[in-house]
Structures are given as C-alpha cells and as structure tokens.
1. When segment 53-74 is examined, which residues are found to be modelled with pLDDT under 90 and either outside any loop (DSSP other than H, G, I, E, B) or aliphatic (A, V, I, L, M) (or both)?
2. Quick check on my filter: what residues within segment 5-24 are more than 19 Å from E35 (Cα to Cα), part of a helix (DSSP H, G or I) and either touching a His at 6+ places or on another chain (Cβ under 7 Å) or not small (G, A, S) (or both)?
3. Of everything in segment 1-15 that's among the hydrophobic types (A, V, I, L, M, F, W, C) and closer than 17 Å to R30 by Cβ, which residue is farthest from the chain's Cα centre (by Cα)?
4. Which one of the conditions (1) modelled with pLDDT under 90; (2) in contact with a Lys or Arg (Cβ under 7 Å, 6 or more places away or on another chain) does A28 fail to meet, given that it meets all the rest?
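The values are calculated or read from the model by the stated rules, or taken from the named source; none is laboratory data. Source: prediction; values computed, not measured. Using ideal geometry, Cβ is built from the backbone for each residue, glycine included, and neighbour counts are taken over all protein chains shown.
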Amino acid sequence: MGMNIKDPQVHAMARELAERRGSSVTDAVRQALAEELKRTPDTKSAASRQARHQALTELLERCRKLPRQDARDREQIEAELYDAAGLPW
C-alpha cells in the first residue's frame, strides 16, 4: 500500500528527519507517526468518550451546587432583556 504525498515541504522534512536519525525516510516517517500516535489521545474510543462523559457529569454536578446569584426566573430575565432592547416581541 503506497502513499503519494505531493507536498515538497513534507518530503524535505521527512528527508531531514531521516538524516538526523540515520535511518531511511520510511523508517523516519514510521517512527514519527508512531510517536505522535502515542501522544495523541484516541477521542473516538469508548474509554475516551466515557472519560469525557464522566468529566462533564462531574462539572454539571459542581455547577448545580453553586448558589443562584439571580432570583429571577428565565421569563423575567427575557422580559427585561427584550424590553430594554425595545424589540417588538
């Protein structure tokens, strides 16, 4: 299976990395991609989704526990906003 990368800058970077590592261009690209894959989280995995869900659930729970700073309900706030803006609705 081949790749056709048409960007000359990418080719130059791959050649430079290979030279610095004393390896072939293919090995340099393979190693660079492997290292990047280790550093980059798999955001599509079930574990990652579960971790994000857990973090959001904890944040929501913390927000629910915060004291209300404004005793007005949504309708009162909207009425004041729209009246102040002079909008027809």
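1. A71, R74
2. Result: P8, Q9.
3. The qualifying residue farthest from the chain's Cα centre (by Cα) is M1.
4. The number of the failed condition is (1).
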